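Q: What follows is a structure written as structure tokens; I'll ask about it next.
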Amino acid sequence: MMDKGKHLKATAENYYRSGQWLCSEAIVMVINDIVEDPLPPQVVKLASGFPVGIGAAGCSCGALTGGVMALGLAFGRTESGGDNAKILRLAKELHDWFIEKYGSTCCRVLVKKVEFGGAAHMDQCTGITGAVTEFVAHLIEKESGPA
């Protein structure tokens, strides 16, 4: 998965950098392609309101929320009352990893030292999008076993 994770990271980064998809959308698109029984590509609609900190409000980072949605594609429950312990544990693991790596989950905090829309902003958010994609792919592999 190491090479696969790097490929997924690069794909998500390309989607973001090229402007095809924003952070949460790029992650959901890439991860949807690797999960068993993927959803139609229109699943990206679910992620479209999360970029720039939920609707450009600057709150929860869109890459983080996209990562949680992507984990839900792999491990979310499909039956009312079904077991959700795995998805909750993995979402927390992603959250804790994100805090450790970036120091905050708040988009506003993450981008406060760069000019919004500038090259440094693009580089930073592209990197975060790729890193979250790679970490989510790692979690999926770890929980699913080798493909």
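Q: Of Leu71, Ser48, Asn14, which is farthest towards the positive pole of the range 5-105's charge dipole, taken about the Cα centre with +1 and -1 on the beta-carbons of Lys, Arg and Asp, Glu respectively?
A: Of the options given, the answer is Asn14.
Q: Any chance you could run the full-extension gain for Ser18 through Glu79? It's 0.36 nm times the residue separation minus the Cα-Cα distance, nm to one decimal. Intermediate values should be presented prior to the final figure.
A: On the way: separation 61, 0.36 × 61 = 21.96 nm, distance 3.73 nm.
Result: 18.2 nm gained on full extension.
Q: Let me ask another. Using 19 Å as the Cα-Cα cut-off, could you pick out the over-long pairs in Lys9/Lys45; Lys4/Lys101; Lys9/Lys101?
A: Correct reply: Lys9/Lys45; Lys4/Lys101.
Q: Also, I was wondering about something else. For the chain, find the longest principal axis of its Cα atoms and tell me its angle to the long axis of helix 119-144, 0 to 90°, nearest 10.
A: 10 degrees
Q: So which aspartates and glutamates pass the test for Lys92, namely a Cα distance under 18 Å, with those fewer than 8 places away in the same chain ruled out?
A: Excluding near neighbours in sequence, the set is Asp83, Glu100, Glu134, Glu141, Glu143.
Q: Same structure again: If you count, for each residue, the other Cβ atoms within 10 Å and average over each peptide, how do 94-103, 125-134 line up from highest to lowest?
A: Working: 94-103: 14.3, 125-134: 24.6.
Listed from highest to lowest mean packing, they are 125-134, 94-103.
Q: Using the charge dipole of the chain (Lys, Arg: +1 at Cβ; Asp, Glu: -1 at Cβ; taken about the Cα centre), state which of Leu94, His121, Val28 has its Cα farthest towards the positive end.
A: It is His121.
Q: Follow-up question, since we're still on this one. Which whole-number percent of Cα pairs in the range 2-144 have a distance greater than 26 Å? Intermediate values should be presented prior to the final figure.
A: On the way: 1716 of 10153 pairs.
Within the range 2-144, distances greater than 26 Å cover 17 percent of Cα pairs.
Q: Which net charge results when you count Lys and Arg as +1 and Asp and Glu as -1 among the other residues whose beta-carbon is under 15 Å from that of Trp21?
A: Spelling it out: positives minus negatives among the neighbours equals 0.
Q: Moving on. Kindly put Ile140, Ile54 in sequence by how many other C-beta atoms sit within 10 Å of each C-beta, fewest to most.
A: Ascending number of Cβ neighbours within 10 Å: Ile54, Ile140.
Q: Tilt of helix 2-18 relative to the longest C-alpha principal axis of the chain, in degrees (0 to 90, nearest 10)?
A: 40 degrees
Values quoted throughout were computed directly from the atomic coordinates according to the rules given, and no laboratory measurement underlies them. Just so it is clear, the structure is predicted and the values come from calculations on it, not from any experiment. Please note: Cβ atoms are built from the backbone with ideal geometry, for glycine as well, and neighbour counts cover all protein chains shown.
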